[in-house]
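Encoded as structure tokens, the structure appears first; notes follow it.
The values are calculated or read from the model by the stated rules, or taken from the named source; none is laboratory data. Since this is a predicted model, take the numbers as computed values, not measurements. Neighbour counts run over all protein chains shown; Cβ positions are idealised from the backbone, glycine included. Just so you know, the surface numbers come from the protein's heavy atoms only, side chains and all, with ligands and any DNA or RNA stripped out. Shrake-Rupley method; radii C 1.70, N 1.55, O 1.52, S 1.80 Å.
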Amino acid sequence: MAEPDADPIPVILIAGYLGAGKTTWVNAHLRDGVAPDTLVLVNDFGTINIDAELIDYAGERLLKLSSGCLCCSLSDELGTQLSRIGRWPEPPAALIIETSGVARPRRIADMIRVARRFRLARIVTLVDLASFAQRLGDSRVGELVADQIASADTLSLNRGDDLDDAEREGLMRRLQSLNLHAQVAHADASVDSSAERPPKPAPVRPPTFRPAADDRDPDWQRFAIALPSSLSRQTLESLLTEHADGLARAKGFLQADGRNYVFQWSGGRAEWTPSAPRPGASQLVGIGLAGDSFNALISALKALA
């Protein structure tokens, strides 16, 4: 049994808005080399934990949380898991928690800070540069995105290859206005801390965001819908594009055009990755914002079945 005075277990908390690249970051971090007894906890928003399925880490060292960070149930489930892990006869050497894209990392970080046997090592927030300005300007989710960035010790930047120098500089200034002290890394570079570097100084100006004392989350709605094996890729992409205003994220293990895929939808982009056949029917899970657009999306998806 673990000694009461044993060194606390370091925790890396991975945050970032839906589709920002958290699972890819975790896989890269694992490939880069971690202690053999590192434990990974994955919290997805859907009834099937697709993110956990896509992590290249198997066995007892991968645990799934199912609450999706949509309400206080996360606190109960995570608190129970941390308490149980802390009592393991052979506790993990380190813990990586991949949060749902709708999670506020400050809330989870506060829980870790008061948990026995654990210490918060750092918060890494993934940022999709291609959609960052759009997300930040969205009155429904902009405050959440800003809060995720403001909470970070490290900002890991994704999908900025198509930006010109002026666009990139403008986005970096906006990031610095939200979090001046975070280290900045690029997700396609080594995830070792040696690849991280402080951001360049930005022009002095008043910050555009201050985390609210009493945060209010958007009115998130989730869905899980079985889709037919006769589905076509073009049909699904067209439908999601038509109702994109109400859809934040969708993913699933799907059969389409006679093949099997891992499907991902985020920021108006669809990704179809060929995969091995899986038992059971195709299922698409998603999360969106309550309203007419979301309701129309659900009706259209059900009509495909």
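Residues that are surrounded by fewer than 21 Cβ atoms within 10 Å (Cβ to Cβ), among the small types (Gly, Ala, Ser) and in contact (Cβ under 8 Å) with a residue 60 or more places away in the chain within region 279-290 comprise just one, Ala290. Val141 falls short on exactly one of the conditions (1) among the hydrophobic types (A, V, I, L, M, F, W, C); (2) closer than 23 Å to Gly286 by Cα; (3) open to solvent by 10 Å² or more (accessible area, probe 1.4 Å), and that condition is (3).
Within region 123-134, track down each residue that is outside any strand (DSSP E or B), in contact with a helix residue (DSSP H, G or I) (Cβ under 9 Å, 6 or more places away or on another chain) and open to solvent by less than 30 Å² (accessible area, probe 1.4 Å). If the condition is that a residue be outside any strand (DSSP E or B), in contact with a helix residue (DSSP H, G or I) (Cβ under 9 Å, 6 or more places away or on another chain) and open to solvent by less than 30 Å² (accessible area, probe 1.4 Å), then Leu129, Phe132 are the ones that fit.
The residues of region 87-112 that are over 19 Å from Pro36 (Cβ atoms), out of contact with any helix residue (DSSP H, G or I) (no Cβ under 9 Å at 6 or more places or on another chain) and open to solvent by less than 40 Å² (accessible area, probe 1.4 Å) amount to a single one, Ala109.
From the residues in region 247-265 that are of a type in the set (Gly, Ala, Ser) and open to solvent by less than 10 Å² (accessible area, probe 1.4 Å), which one is nearest to Gly101 (Cα to Cα)? Explain how you work it out, then say what you get.
Initially, region 247-265 is screened for residues of a type in the set (Gly, Ala, Ser), giving 248, 250, 252, 256, 258.
Next, only the ones that are open to solvent by less than 10 Å² (accessible area, probe 1.4 Å) stay: 248, 250, 252, 256.
Details: Ala248: 10, Ala250: 12, Gly252: 16, Ala256: 26 Å.
Among residues in region 247-265 that are of a type in the set (Gly, Ala, Ser) and open to solvent by less than 10 Å² (accessible area, probe 1.4 Å), the one nearest to Gly101 (Cα to Cα) is Ala248.
Among the residues making up region 162-171, those that are surrounded by fewer than 19 Cβ atoms within 10 Å (Cβ to Cβ) and touching a helix residue (DSSP H, G or I) at 6+ places or on another chain (Cβ under 9 Å) are Asp162, Leu163, Glu167, Arg168, Gly170.
Being assigned to a helix (DSSP H, G or I), crowded, with 18+ Cβ neighbours inside 10 Å and out of contact with any His (no Cβ under 9 Å at 6 or more places or on another chain) is a condition met by no residue of region 113-122.
Of these, Ala300, Ala276, which one is open to solvent by 20 Å² or more (accessible area, probe 1.4 Å), more than 28 Å from Val141 (Cα to Cα), outside any strand (DSSP E or B) and among the aliphatic types (A, V, I, L, M)? Just a single option satisfies the conditions, and that option is Ala276.
Does Leu236 meet the test of being over 19 Å from Gly19 (Cβ atoms) and open to solvent by less than 30 Å² (accessible area, probe 1.4 Å)? Write out each step before concluding.
Details: over 19 Å from Gly19 (Cβ atoms): no; open to solvent by less than 30 Å² (accessible area, probe 1.4 Å): yes.
Spelling it out, it is not the case that Leu236 is over 19 Å from Gly19 (Cβ atoms) and open to solvent by less than 30 Å² (accessible area, probe 1.4 Å).
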